[in-house]
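These notes are about the structure you will find just below.
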Amino acid sequence: MKNCLRCAAVLFSLIVCNLPTMAQTSNDGSEGGEVYYKNCAAARAAGAAPILAGEPGYSRKLDRDGDGVACE
């Protein structure tokens with residue numbers, strides 16, 4: 001029973017600690033709505049990449065070549 005609780009605690013902390021780096025809500029006027037990815041690695045980890053302009057999480061800072069597709 002102790003091992004189960006310990007595993008559950010570790011799993012919970014891994015999930016909770018990684019959530020903010022995956023996607024966050026933002027009121028900074030980003031183009032894709034309120035979803036914010038810190039970088040393309042975070043977008044890929046969340047299964048969101050590639051992100052098209054207008055989709056939640058799209059940001060010009062993630063679109064290196066400016067073609068409307070971020071994290072290609």
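FYI, it's all coordinate maths here, none of it is from the lab. Note that this is a predicted model, so its numbers are computed, not measured. Backbone-built Cβ (ideal geometry, glycine too); neighbour counts: all protein chains shown.
Using the number of other C-beta atoms within 10 angstrom as an exposure proxy, rank 69, 35 with the fewest first.
Numbers: 69 17, 35 20.
Listed from fewest to most nearby Cβ atoms, that is 69, 35.
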Between residue 39 and residue 67, what length in nm is gained on full extension when 0.36 nm per residue of separation is reduced by their alpha carbon distance? 8.4 nm
